[in-house]
Amino acid sequence: MIREFLSVLDDRDAKPARGHLALLVCYAVLHGIVFVLLVPVLRALFAGDLSTAWTWIAVLAGVTAVTCVVHYAQSMYGFDVGLKMTRALHRRLGDHVAALPLGWFSGNRVGRLGQLATTGVWEVTGLPAHLIRPLVMAVVTPATIAVAMLFFDWRMALALVLGAPVIYVGYRVTSRLLVRTEHEIDAAAAEFGGRAVEFAQNQAVLRACGRAESGYRALDDAIERQHEVGTRQIRVGVPALLLFAVSVQLVVAAVFVVGVSLALGASLGVPELLALLVLVTRFVDPIVATAELGAAMRAAGNSLGRIREVLETPPLPEPAGDAALPGGERFDIEFDDVRFAYEGQGGGDGAADGRAALAGAAFRIPAGTTTALVGPSGSGKSTVVRLIARFWDVDGGAVRIGGADVRDIPTERLMALIAPVFQDVYLFDATIEENIRIGRPTATEAEVREAGRLARVDEIAERLPDGWRSRVGEGGAVLSGGERQRVSLARAILKDAPIVLLDEATAALDPRNEVAVQQSLATMSGRTKLIIAHRLRTIVHADQIIFLDGGEPVEIGTHEQLLAADGRYARFWRDRNRARGWRLVKGGGAR
Ligand SMILES: Nc1ncnc2c1ncn2[C@@H]1O[C@H](COP(=O)(O)OP(=O)(O)OP(=O)(O)O)[C@@H](O)[C@H]1O
C-alpha cells in the first residue's frame with residue numbers, strides 16, 4: 001500500500017513522504033528498543049540487583065525521552081505531509097483532468113470525480129497522518145523485538161519468528177473475508193444513495209402517477225439490500241475478527257508454553273521468563289492495533305486505486321512541436337470517411353456494423369457558410385458536433401478544419417476557433433454578465449451588453465432586481481431553460497470565433513425570441529456555422545442541409561433541392577409539418 005501511495009505522487013511530492021517514512025521507521029525501532037530495555041530492568045529487579053536496575057532504568061529513561069521527541073517530530077511531520085499531499089493530489093488530479101478528452105466527462109464520472117476529490121483524497125492523505133504509522137509499527141517494532149529476543153534467549157526468539165506467519169495468515173484470511181462484505185456494503189450504500197436522490201428528485205412524477213404513498217420499489221429494494229448485506233457483514237465479520245484474535249492468542253500461548261517449559265527444565269530463570277513474557281505481549285500489541293484499523297486502510301486503498309485509475313486515463317494526445325494550423329484563415333470543415341463508436345457501443349473500430357455512431361461519414365462544410373444537420377433521433381448529429389470540438393478522437397478517417405486534422409491542432413488553438421452552444425447549458429453560479437464574459441474575458445462591458453442584446457438577454461436582465469449583475473444560481477437554477485440558452489448564446493456571440501456550433505441551441509426559446517435570435521445569428525456573417533435544429537423552419541435558409549441517417553449523410557443539398565429530390569429529407573419535412581398541424585380537439589383525439 002505504501003508503494004501504491006508513493007506512486008500517485010510525483011517525484012517532488014514523494015520526497016517528503018519518503019522522509020516521513022524514514023522518520024517513522026526510526027520511531028518504530030526506538031519503540032521496540034524501549035520494550036526490549038524492560039527485560040534487563042525487570043531481570044535486575046527480580047534478581048534484587050538494585051544498582052544494575054537503576055542503571056538500566058536510566059538508559060530506559062534516556063531512550064524513552066528520545067523516542068518521545070522522535071514521536072512528536074514524526075507526528076507533526078506526518079500531519080504536514082498529509083496536508084501537503086492533499087494539495088498535491090488535488091493539483092495533480094486537476095491538471096490531469098483538464099487534459100482529458102471532453103467526452104470523458106459523461107455519465108456518472110463527474111459525480112464520482114467529485115466524490116474522489118473530496119472524501120477520496122482525504123482518505124488517502126490520512127495515510128501519512130494516521131494510518132501508515134500503525135502499519136510500519138506492526139512490522140518494524142515486532143521485528144526489533146524479535147531480533148532483541150535473540151540476545152536474551154534464541155529459543156523464544158525462534159518461537160516468535162515461527163509464530164509470525166501464523167499471525168500473518170490469520171490477518172490475510174480475516175481481511176479477505178471482510179473486504180468482500182465491505183465491497184457489498186459500499187455498493188449497497190451507493191445504490192441506496194442514488195435511489196434516495198432519484199426518489200426525492202422525481203417526487204412530481206411519482207405523485208402524478210399516484211406512487212408517492214405506495215412507495216418507490218427501487219428505493220425499497222435498496223433499503224432491503226442494505227439490511228441484507230449489513231446482516232451478512234455481522235455474520236461474516238464477527239467470526240473473521242475472532243479468527244484473527246485466535247491466531248494472535250495461539251502464537252502468544254505457544255511462546256508462553258515454550259518459555260514455561262524452558263523454565264521448568266531449568267534452562268531459563270524465572271525472572272528472565274517473566275521479563276521475556278512481558279516482551280512477548282508487547283510483540284503482539286502493534287499487530288493487533290493495525291488490524292483494528294483494517295477498514296480505514298482498505299477504504300484508503302480503494303480510494304488510492306480510483307485516484308490511480310483517473311491519473312492513468314490517457315489525456316488527449318497533443319501534437320508535437322510546430323503543429324499544423326488551419327491555413328489561410330479559411331475555416332472550412334471536412335469529414336473524411338469518419339468512423340466513430342462510443343465506448344460500449346460495440347465495433348470499437350467504428351466498423352459499419354449498424355451500431356457505430358458514425359459509420360463512414362463524408363461531407364464538407366465550406367468556410368463562411370451555414371450548414372444544417374437534420375435526421376432522425378440517434379442518427380449521429382450531436383456526435384458530428386462533438387467530434388469537431390474533439391470530445392473524442394475518431395476511430396477511422398479524419399475531421400479537418402482548414403485542411404488540418406483536428407488531432408494536429410493544439411487543443412488551446414482548436415478551442416479558440418470554436419464557439420459552441422450545446423444542448424445541456426451549464427451556467428456558473430455568478431452574475432449574468434460574468435457568465436457571458438466567459439466567452440471572451442477581455443471584452444469591454446459594452447461588448448458584453450451588445451452580445452447579451454443580440455441573444456435577447458437584455459430582457460432577462462431588465463426583469464431581475466440586480467439587472468446584469470443578478471446571480472443565476474448553481475447551474476443557472478434561477479433562470480428558465482430558454483433563458484439559460486440565451487445566456488449561453490450570448491457567450492458564443494461574444495467569443496466571436498470563426499466556427500459556430502449550435503446543437504439545439506434555440507430549442508427552448510419561445511417563437512418570438514427564436515426569430516429574434518435567429519436574426520442575430522444571421523448577422524454573424526463570415527462564420528462557418530453548423531446548426532442542429534428540430535424545428536426545420538429555422539434551417540430552411542441554410543446554404544446546405546445534410547440529412548443524416550444511421551451515422552451516414554444520405555442526402556446533401558439546399559432546402560429547395562432536397563424537396564425537389566423528394567427523398568428522405570422531403571418526407572421528413574412533410575412529416576414534421578403534419579405533426580405541427582396537429583391539434584387536440586374537444587372530445588379527445590388529435591387531428
Ligand atoms: N455518450 C454516449 N455514450 C454511448 N452512446 C452514445 C452517447 N451519445 C450518443 N450515443 C449513441 O450514439 C448514437 C448517435 O447519438 P447522437 O447523440 O449523435 O444522435 P442525435 O442524432 O444527435 O440524436 P438526437 O436528435 O436525439 O439528439 C445514438 O445511437 C446514441 O444512442
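Observations on the model:
- Full extension of the chain segment joining GLU292 with LEU100 gains 65.2 nm, where the gain is 0.36 nm per residue of separation less the Cα-Cα distance.
- The C-alpha radius of gyration of the range 1-78, expressed as a fraction of 2.2 N^0.38 Å, stands at 1.54.
- Crossing angle, helix 511-523 versus the chain [Cα axis fit, 0-90 degrees, rounded to tens]: 90
- Here the range 1-153 was treated as a single set of alpha-carbon atoms; its pair distances binned every 10 Å from 0 give 10, 29, 24, 16, 11, 6, 3, 1 percent.
- Per-residue Karplus couplings for the range 388-397, computed as 6.51 cos²θ - 1.76 cosθ + 1.60 with θ equal to phi - 60°, are listed in order as 5, 7, 6, 4, 9, 8, 5, 7, x, x Hz, Gly and Pro entered as x.
- Furthest towards positive pole of dipole, ALA263, GLY230, VAL248, structure part the range 154-267, Cβ charges: ALA263
- Principal-axis tilt of helix 154-201 within the chain, Cα atoms, nearest 10 degrees: 30
- Modelled label positions at VAL166 and GLU198, each set 7 Å beyond Cα in the direction of Cβ, lie 5.0 nm from each other.
- Residues whose amide H comes within less than 5 Å of that of GLY396, counting only those at least five positions distant or on another chain, are ARG339 (H built at 1.01 Å from N in the peptide plane).
- Taking the convex hull of Cα positions in the range 178-289, its mean projected area over all directions (nm²): 9.5
- Percent of alpha-carbon pairs separated by more than 34 Å within the chain: 61
- Mean residue ellipticity (222 nm) of the chain, computed from DSSP H runs ≥ 4 via -39,500 (n - 2.57), nearest 500: -20500 deg cm²/dmol
- DSSP assigns beta bridges within the chain; of those with both partners inside it, close to 55 percent run antiparallel.
- Once both labels are positioned 7 Å from their Cα atoms along Cα-to-Cβ, the gap between ARG578 and ASP220 label points is 4.4 nm.
- Segment ASP543..ARG3, full-extension length gain: 188.4 nm, with 0.36 nm per residue of separation and the alpha-carbon distance subtracted.
- Largest first and in whole Å, the equivalent-ellipsoid semi-axes of the range 432-591 read 33, 22, 12, each the square root of five times a Cα gyration tensor eigenvalue.
- C-alpha long axis of helix 50-98 to longest principal axis of the chain, angle in °: 10
No lab work stands behind these numbers, since they all come straight from the coordinates. Worth saying up front: this structure is predicted, and the values here are computed from it rather than measured. As a convention, Cβ positions derive from the backbone with ideal geometry for all residues, glycine included, and neighbour counts pool all protein chains shown.
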